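One structure is given here, and the rest of the page talks about it.
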Amino acid sequence: MVEKTIRINERIRMNAENIALALENHMMTAFAPDARKELRLFSAGEAADLLGISASFLRKLHFDDKIEDVQTSAGGRRSYSADNLVTIRKQLDAGAKTAGTYLKGRRAGDKVQVLSFLNFKGGSGKTTSSIHAAQRLALKGYRVLCVDIDPQASLTTLFGYRPEVDLIESGTVYDAIRYDDPLPFSAIIQKTYFAGIDLAPAGLLLQEFEHETPRALIENVQPPFFARMAAALQEVEADYDLIIFDCPPQLGYLTMAALCASTGLIITVVPNMLDIASMAQFLQMSADLLDVVSNAGAQMDYDFLRFLINRLEPNDGPQQQVVAFLRNLFGPEVMAASMLKSTAVSDAGLTHQTIYEVERSQFNRNTYDRAVDSLNAVNDEIESLIQKAWGR
Ligand SMILES: Nc1ncnc2c1ncn2[C@@H]1O[C@H](COP(=O)(O)OP(=O)(O)O)[C@@H](O)[C@H]1O
Ligand SMILES: [Mg+2]
């Protein structure tokens, strides 16, 4: 019997090693280590939309030499890098009647906005919606820090890092919140290829935080688990307008620590009855746990909590009923905009890209446009929640 167990264990380990090796090879060819990922250029139309001006005004700005030159094709077609957008936004704002017309980030006295995307159902779109929100808001000029606290590290992988190769021993959020000799948060922050976004990466090691917390509680290590993330983030929060947590699909100590550092919560939900039932359980458990930690002294004041419907199929009758049910139940807490289910989103995901990174020409135009429109609507609604939290 024992021998059989050992053999099976070895078999599993061998499979794991083979997968790790194959993945490493795949990643090496997909993204060479030095030339990791690179962000595409944006068309004049896209640039105007992101800057919040008309395409003709953008042309006039170039004509009048009010903004920096960008890459221009022989035919006169302009292409904008994300860095161009950052510079142009600053130039526009410097010339605007009121400062802050084009730079919408926080002003003196505004607190940093910390958003958690959560739900304990895997596959409800936490990672997908958090990275699209981060990218759209970065392109709109916000300074964003993405904090990946899922040991599975999907978000980290989407940014072109290889957690199973590069982040095995160190370099993840774990280093900044661990009980034994934590590093400053700044030590684990990575620049990303995406202008305006920094990343605090995840890796399997984060799981240690779940294992070590019970003992730290007994030994009364300060700060306690729920306050450690907020405390660690204090060092860097002045550098950002927005901090986004991509949470693991469970309500462990990591998620609780993110919840206690957050100012806004977005619960992603797929509109079918099984998912709703599991979400009800999740909310019940969250409420119970939040009671416990707030009695223990955790600060938990949220500017907003919203349900974000993901994978919406507008022509699916039963889904429509579930959506109506949710809107009835939660009213304005359900976001007005929903994320459509789209093969453009899942196909982009296959090459570790988002809808904002892929080229429109790679997709069926209607499919692409519908996906972009729905994600823009979702993220612009998130932006207005943030602006509202700053009292604008
Ligand atoms: N709106 C959508 N349309 C199509 N596929 C989606 C959509 N949202 C997420 N997906 C796909 O579903 C899978 C799980 O999504 P993900 O965001 O990783 O969920 P979670 O982080 O909650 O586990 C991913 O492969 C992703 O590409
Ligand atoms: Mg995820």
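A short reminder: the numbers here are calculations on the coordinates, not readings from a lab. Nothing here was measured: the structure is a model prediction, and the numbers come from that model. Please note: Cβ atoms are built from the backbone with ideal geometry, for glycine as well, and neighbour counts cover all protein chains shown.
Cross-link partners for residue 140 among the aspartates and glutamates, with Cα-Cα distance under 17 Å and sequence neighbours closer than 8 places in the same chain left out: 46, 49, 83, 93, 198, 239, 241, 357, 373, 380, 381, 383. Once the Cα atoms are used to define both axes, helix 365-389 deviates from the longest principal axis of the chain by about 80 degrees.
Helix 273-295 and the long axis of the chain differ in direction by around 80°, with both axes built from C-alpha atoms. The protection proxy used here, the mean number of other Cβ atoms lying within 10 Å of each residue, ranks peptides 314-321, 150-157, 44-51, 10-17 as follows, highest first: 150-157, 44-51, 314-321, 10-17. Over 29 Å between Cα atoms, which of 90/121; 37/388; 97/191; 111/191; 104/191 qualify? Listed pairs above 29 Å: 90/121; 37/388; 97/191. Projecting the Cα atoms of 361, 182, 295 onto the charge dipole of the chain, computed from C-beta unit charges around the Cα centre, puts 361 farthest toward the positive end. Mind checking the angle between helix 207-218 and the chain's longest principal axis? C-alpha axes, 0 to 90 degrees, to the nearest 10. Once rounded, one gets 60 degrees. The dipole here belongs to the chain: it is taken about the Cα centre, uses +1 on the Cβ of Lys and Arg and -1 on the Cβ of Asp and Glu, and is about 1180 debye.
Separation of segment 285-326 from segment 97-116 is 26 Å, based on Cα centroids.
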